[in-house]
Amino acid sequence: MFNELKEIHRKPRPFEHYTAEELWTDEYTRGRMLELHLDPTVDAASRSAAFIDASARWITERFTLERGRSIIDFGCGPGLYTQRFAGTGASVTGIDFSENSLAYARGKAAESGLSIDYIHANYLEFQTDRAFDLITMIMCDYTALGPSQRRTLLITFRRLLKPGGAVLLDVYSHRYFHKTKERAAYGFNYMDRFWSADDYYCFHSTFKYDEEKLILDAYSIYTDKSRRRIYNWAQCYDRKTLRDEFHASGLRIIDYYSDVSGNACTEDTEVFAIVAGSE
């Protein structure tokens, strides 16, 4: 038992483990994730419906989404943004590795008579000959990826952009890093039975990596039949570190905002958004 507890509270190396896909492929957890996505009142798997409405309006105006324009949303989930984008007449593609979320998205598109190309794939392995006017990646998904994964993704973005095209994504800031506290928590059916339909005990550890400006939320979940470990990483940025990372992959940051609804960027924001294009 001592060794097990020691392992639970061991601080792994930065991005030593990557389990993001499990949230969306485990049969039970993916259902709970979809519930959070579709709850219009909370900022959890998705932001609130009011924010998404405001964000989609700003994106439509900022990037002139209309017939003849093309957009691809990386990590589209159940289509909360892609449905709104498709209403502009633009050609819309969504990519996600959750079959559950995409099934919901396809059903809603059919109900609304919207033509949206939904692709089930790991976006780190995504290949296409098409090019797009706008690439979006929303809800700080970019920050969950390790350095080599982010390089792969940025190279993909650069390849998929049409001349004059743009990338829009959001990231956690250094302020978010400094605000977050290291902690250890424990509970029975922790997070309102989020992790399993069976009774379970969960150990939740939050680790910080000062040099890398990196946060890890590690969850160890025990039922009477199984053990799971989930690692949620959050890379935090300031303007310079993000600018340098994009520049190394041939992309240039054009604008900074406090979020993906176009609010002005301030020093105290915990999340900020960028618009980038090819150099």
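Quick note: the coordinates plus some simple rules give every number you see, no bench work behind them. Note that the structure is predicted; figures quoted are calculated from it, not measured. So basically every Cβ, Gly included, is an ideal-geometry build from the backbone, and we count neighbours across all protein chains shown.
Each residue of segment 131-145 is assigned a 3J(HN,Hα), and the resulting list reads 10, 9, 6, 9, 10, 10, 8, 10, 5, 6, 4, 4, 6, 7, 9 Hz, derived from the Karplus form 6.51 cos²θ - 1.76 cosθ + 1.60 (θ = phi - 60°), x at Gly and Pro. Per-residue ellipticity at 222 nm computed for the chain from its helices equals -9500 deg cm²/dmol, with DSSP H segments shorter than 4 residues left out and the rest contributing -39,500 (n - 2.57).
The angle between the Cα long axis of helix 147-160 and the main principal axis of the chain comes to about 20°, on a 0 to 90 degree scale. Could you compute the longest span of the chain free of trypsin sites (Lys or Arg not before Pro) located in DSSP loops and having at most 15 other Cβ atoms within 10 Å, not counting the site residues? Counting at most 15 other Cβ atoms within 10 Å as exposed, the longest clean stretch of the chain is 68-129. Quick note on the chain: its Rg to Rh ratio, both from C-alpha atoms and Rh being the Kirkwood radius, is 0.97. Which links in LYS6/LYS208; LYS181/LYS225; LYS213/LYS240; LYS162/LYS240; LYS11/LYS225; LYS11/LYS240 stretch past 22 Å when you go from one Cα to the other? Violating the 22 Å Cα-Cα cut-off are LYS181/LYS225; LYS162/LYS240; LYS11/LYS225; LYS11/LYS240. For ASP255 and ASP224, a Förster radius of 51 Å and the Cβ-Cβ distance give a FRET efficiency of 0.45, rounded to the nearest 0.05. 3J(HN,Hα) along segment 253-270, derived from phi through the Karplus expression 6.51 cos²θ - 1.76 cosθ + 1.60 where θ = phi - 60°, amounts to 6, 9, 9, 10, 9, 7, 6, 8, 10, x, 5, 4, 7, 10, 6, 9, 6, 8 Hz, with x in place of Gly and Pro. Please give the residues of segment 105-125, grouped as numeric ranges, whose backbone N is less than 19 Å from a label point set 7 Å along the Cα-to-Cβ vector of SER148. Within reach of a label on SER148, which here means backbone N under 19 Å from a point 7 Å along Cα→Cβ, segment 105-125 contributes 122-125.
Computed from label points 7 Å out along Cα-Cβ, the spacing between ILE155 and HIS174 is 2.9 nm.
Phi-derived couplings, Karplus 6.51 cos²θ - 1.76 cosθ + 1.60 at θ = phi - 60°, listed residue by residue for segment 3-18: 5, 5, 5, 4, 5, 4, 9, 6, 8, x, 5, x, 6, 5, 10, 9 Hz, with x used for Gly and Pro.
Note on GLU16 and ALA197: with the Förster distance fixed at 45 Å, the Cβ-Cβ geometry gives a FRET efficiency of about 0.95.
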